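The values are calculated or read from the model by the stated rules, or taken from the named source; none is laboratory data. The structure displayed is predicted, hence computed values, not measured ones. When we count neighbours, we look across all protein chains shown, and the Cβ atoms used for this are built from the backbone with ideal geometry, even at glycine. Note: accessible area is taken over every heavy atom of the protein model, side chains too, but ligands, DNA and RNA are not part of it. Shrake-Rupley method; radii C 1.70, N 1.55, O 1.52, S 1.80 Å.
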Amino acid sequence: ERIIMVHITVTVRVCNKEISLLILRHTANDGAESSQLVSIGNFAFSGCVKMRTFTVPSKVTALNATAFFRNTAMMAFDVQKGNTAFSAKDGVLFNITGSTLVCYPAGLKGTYVVPENVKTVGDYAFACTRLSGVELSNVETLGSAAFAYGSLESIVIPDSVISMGGSV
């Protein structure tokens, strides 16, 4: 099987910011293309106030919530089939096992009950959300700035929490 690799560096404007992207695509003989992107950096899409959904590409293994900081219209995350690092449930982004809540869509309102199998709420996971309340269930670790800049009116820290990052 012959594979053609294409490497393109392009500078684009995303959310009124110029960013350089290295786009790696390969095309197999069957014509199928797939992204080779493996990491999405901190604040990569920060401030994209009109972004409503985001699909994590299949090969991305490094990503945290700061990539979507202040994306207040975000309604759902999805994960491309074949991704071995992340999963999504009801539009919320988790690690593959569901034990870490990586990022909650900032545009959703109401109260969110964190699933019982979640042990860690990642850094900035609920930052800038429009939620009025969060119920943490069995969470043991709260990441730094996990609830920063949000609209929370109430949160109960359960006895299960043993570690909290700065600026929670």
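For the range 71-168, GluC sites (Glu not before Pro) meeting the loop criterion (DSSP other than H, G, I, E, B) and having at most 12 other Cβ atoms within 10 Å: E116, E153.
The mean accessible area for residues of the range 65-168, using a 1.4 Å probe and ignoring ligands and nucleic acids, is 46 Å² per residue. Leaving out ligands, DNA and RNA, and with a 1.4 Å probe, what % of the accessible surface on the range 122-168 is carbon or sulfur? Looking at the range 122-168 in its full context, I get 44 percent from C and S. Computed with the Debye formula from one identical point scatterer per Cα of the range 51-158, without solvent, the log10 of I(q)/I(0) at q = 0.11, 0.12, 0.18, 0.24 Å⁻¹ comes to -0.28, -0.34, -0.79, -1.44. What the Cβ-Cβ distance of S39 and D78 gives, at R0 = 22 Å and to the nearest 0.05, is a FRET efficiency of 0.75. Counting heavy atoms of the protein chains alone, S132 has an accessible area of about 40 Å² for a 1.4 Å probe.
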